[in-house]
Each structure stands twice: as C-alpha cells, then as structure tokens.
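All remarks here apply to the structure that follows.
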Amino acid sequence: MFFQARGLTRRYGGTPVLRDVTFDVKQGEMVSIIGPSGAGKTTLLKLIAGLERPDEGALRFDTTPTRENPVILVFQDYVLFPNMTVFDNVAFGLRSRRIAKSEIRRRVMDVLDYFGLADKADQYPNELSGGQRQRVAIGRGLVVNPMMLLLDEPFANLDRNLKLQTAEFIRETQRTFGVTTLSVTHDLEEAFVMSDRIGLIMDGELVQYGRSKDIYFNPVHDEAARFLGPLNILEGEALRLVSDGPTGRVAVRPEALGLTVDENGPGIIAEAVFAGHFTRFAVDIGGERIVVYGNGPGLVPGARVSVRILDELIKKGTV
Ligand code: ADP
C-alpha cells in the first residue's frame with residue numbers, strides 16, 4: 001500500500017462534511033475522486049495535502065513525504081506567478097531547494113520539452129492559453145519529483161474539447177513519470193478517461209471506490225447511478241417490449257438501448273434532440289417514456305420504432 005486514508009472525518013462548526021472516509025492508493029496509480037458540488041471533495045484533498053487536519057482518522061504514507069519527495073497540490077485555478085516567466089514558474093520549487101543552476105535548467109527544460117512548452121520558456125502566464133497554463137502548473141508540480149501529485153479540479157477552467165485532451169494528456173504524463181496521482185473533479189467523462197480507479201463521494205461519504213466500469217455499471221444505489229448518468233428504469237410491459245431476457249425491474253443507460261425504425265414497432269419517438277455525436281430520443285413504449293441515445297435514418301418524432309437492450313444492464317442500484 002502506498003497511501004491510505006483511514007476513517008477520515010472532518011467537521012466544520014460541528015457539521016461533518018466528510019464522514020469516515022477510507023481508501024487506499026497504490027504506487028503509480030491514478031485515482032479520481034468524483035461527486036456532486038459540495039460533497040466534500042476539496043476538503044478531502046486539503047486533508048491529504050496537509051493543509052487541514054482531520055477531526056478523526058489518519059493518513060498513512062508508505063514512506064513519509066519529505067522536502068525531496070513532497071506531496072504536491074496543483075490548484076484548480078493553477079495559480080502561476082504572473083510576473084515570472086514560464087521557465088521561472090517551473091523552476092520556482094527547485095530554486096527553493098538549493099539545487100545547482102545547471103541542474104535546474106536541465107530539469108526545467110526537460111519538463112517544458114515534454115509538455116511542448118519549450119518555446120514558451122521566456123513568456124509570461126498571461127501570454128498563454130488556458131490549456132498551456134494548466135500544463136505549466138502540472139509541470140511545476142512534476143519537476144520537484146513529488147511522491148504524490150494532487151490535482152484539484154484539473155478541468156475546471158477549460159472548454160469542452162480541451163477537457164478531454166487534457167485528461168488524455170494527464171493520463172500520459174502520469175504514466176510516463178509514474179507519479180502516483182489523485183485528482184478531484186466533477187467532470188465525469190474526463191475522470192473515466194484517465195483513472196485506474198474512481199471514488200464517488202456523496203454528501204461527505206465515500207459511497208463507492210473501484211474501477212471505472214464497475215462504478216458506471218454497478219453503482220451502489222439509485223442516487224449514485226443517477227449521478228453517473230441518465231438512467232431508464234424498465235419493468236412490466238415496457239421491459240417485456242424491449243427484451244426477451246430479464247424480468248422484474250431493470251436499470252439501463254440510454255446508450256445501452258438500440259432503436260430501429262419499424263412500422264409495426266411498439267414504440268413511438270416523442271422527441272429527438274440533436275446533441276452532437278448522438279441524438280437523444282424520448283420514446284413512448286408500453287405506457288412509459290424512456291430515453292435512448294442513438295443515430296440513424298428515419299429516426300424522427302412520430303416514427304414507430306422497436307427498442308432493444310444492446311448492452312449491459314445496471315446490475316445493482318435500482319435493480
Ligand atoms: P466539493 O469540493 O465536493 O464541492 P467541499 O469539500 O468544498 O465540496 O465542501 C463540502 C462542504 O463543506 C460544503 O457544504 C461546504 O460548504 C462546506 N465547507 C467547505 N469548507 C468550509 C469551511 N472552511 N468552513 C465551513 N464549511 C465549509
């Protein structure tokens with residue numbers, strides 16, 4: 001075990017905002033903590049970074065963080081020094097560690113090269129794009145050889161396209177440098193893209209911790225299932241019409257259902273909303289209205305359709 005949080009509880013003015021949070025992170029692992037706003041994610045990060053102390057519980061590192069191998073927190077607004085160049089921003093942590101000038105230059109330029117920022121070394125933060133500033137902030141954390149990197153909402157200030165790119169970039173960087181990383185975010189897609197394991201915090205409790213697919217397809221309860229994405233609950237006639245398989249009550253995500261135009265089909269498209277790489281359909285079937293993501297010719301409001309379950313059901317939660 002590389003890092004372990006055990007029974008962390010934190011109260012503000014008597015109100016617990018984190019309750020009995022226990023989990024571990026392995027060496028070189030990339031973990032994301034997700035959850036709704038106000039769930040306690042930032043508080044957890046502050047405890048791990050040592051900025052605040054838990055009221056109960058403990059943090060354990062395999063080897064104690066030191067000045068040479070610190071735990072580094074990269075803030076969400078990636079606070080760079082505005083009056084320092086990119087080079088000096090990245091070099092800052094090394095300078096305060098009394099490392100030889102030539103060594104500092106080599107390490108900073110290595111990081112800037114890797115991050116595609118070598119030609120920006122002499123520029124100032126306000127001359128960079130949001131994505132570039134984010135990379136400088138992560139570079140500044142990595143250059144000091146951290147034993148653990150903590151990222152607070154790494155996608156918060158990025159536009160949509162840049163979010164996914166940044167998630168992939170963080171993933172690659174994390175693999176290349178092998179640095180154990182814990183990120184806190186409410187951007188689900190990005191968390192799924194980059195993480196080995198995901199923890200879901202709701203209302204101060206870590207309700208689930210595991211591999212991305214397990215979290216998505218095996219949520220611990222209704223509320224968790226719905227936080228992770230839209231959900232259809234199918235039972236009775238509606239269920240019979242979309243499947244020959246399960247009976248009872250099943251939960252299925254909109255992308256796990258398939259639509260085909262079928263003039264004798266049991267469903268009718270009530271609504272079609274174009275959402276870019278998919279269209280969101282509201283379909284009336286068996287007296288229920290369900291949501292299906294898809295694409296295809298002839299799928300327009302008023303069309304008769306058949307609907308099938310194509311993919312995995314949600315196994316727990318609402319079932
Ligand atoms: P998240 O990062 O998941 O949005 P936070 O950890 O920031 O959640 O906050 C969790 C809860 O704790 C919220 O209800 C917030 O208002 C409260 N909180 C956070 N910091 C403080 C503080 N310093 N004093 C009092 N309440 C706080």
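The values are calculated or read from the model by the stated rules, or taken from the named source; none is laboratory data. As the structure is a computational prediction, the values presented were derived from the model and not from experiment. Cβ coordinates were reconstructed from backbone atoms using ideal geometry, including for glycine residues, and neighbour counts include every protein chain displayed. Remember, those area values only see protein heavy atoms, side chains included, never the ligands or the DNA or RNA. Shrake-Rupley method; radii C 1.70, N 1.55, O 1.52, S 1.80 Å.
Note on segment 3-225: semi-axes of the ellipsoid equivalent to its C-alpha gyration tensor, largest first and rounded to whole Å, are 30, 20, 15.
Multiplying the residue separation of R240 and F278 by 0.36 nm and subtracting their alpha-carbon distance yields 11.1 nm. The tail of the calculated P(r) for segment 45-96 beyond 13 Å holds 70 percent of all Cα-Cα pairs. Here each label is just a point 7 Å from Cα along the line to Cβ, and for D222 and K26 those points are 3.6 nm apart. Once R0 is set to 22 Å, what does the formula 1/(1 + (r/R0)^6) return for the Cβ-Cβ distance between Q4 and Y114, expressed as a FRET efficiency to the nearest 0.05? Taking R0 as 22 Å, the efficiency between Q4 and Y114 is 0.15.
Solvent-free Debye calculation, one equal scatterer per alpha-carbon of segment 230-313: log10 I(q)/I(0) at 0.11, 0.15, 0.20 Å⁻¹ equals -0.24, -0.45, -0.82.
What fraction, in whole percent, of alpha-carbon pairs in segment 95-250 exceed 21 Å separation? Counting pairs separated by more than 21 Å, the tail of P(r) holds 58 percent. Computed over protein heavy atoms with a 1.4 Å probe, the carbon and sulfur contribution to the accessible area of the chain reaches 48%.
Here the calculated FRET efficiency for Q165 and F81, from their Cβ-Cβ distance with R0 = 25 Å, stands at 0.50, rounded to the nearest 0.05.
To the nearest ten degrees, helix 86-95 and the longest principal axis of the Cα atoms of the chain are 60 degrees apart. From its DSSP helices (H runs of at least four residues, each -39,500 (n - 2.57)), the chain gives a residue-normalised ellipticity at 222 nm of -8500 deg cm²/dmol. Between D196 and Y124, the modelled labels are 4.1 nm apart [label points 7 Å from Cα along Cα→Cβ]. Placing dummy labels 7 Å off each Cα toward the beta-carbon, the span from K213 to N145 is 3.8 nm.
In whole Å, what is the distance between the alpha-carbon centres of segment 42-87 and segment 221-257? That distance is 41 Å. Helix 130-142 against the longest principal axis of the chain: what's the angle in degrees, Cα atoms only, rounded to the nearest 10? Between the helix axis and the principal axis of the chain, the angle is about 60 degrees. Within the chain, what's the longest stretch lacking GluC sites (Glu not before Pro) that sit in DSSP loops with no more than 15 other Cβ atoms inside 10 Å? So the longest stretch without any such site is 69-262. DSSP beta bridges fully contained in segment 3-225 are about 50 percent antiparallel.
Pairs of lysines in segment 3-225 whose Cα atoms sit within less than 23 Å of one another amount to 8, provided the residues are eight or more positions apart or on different chains.
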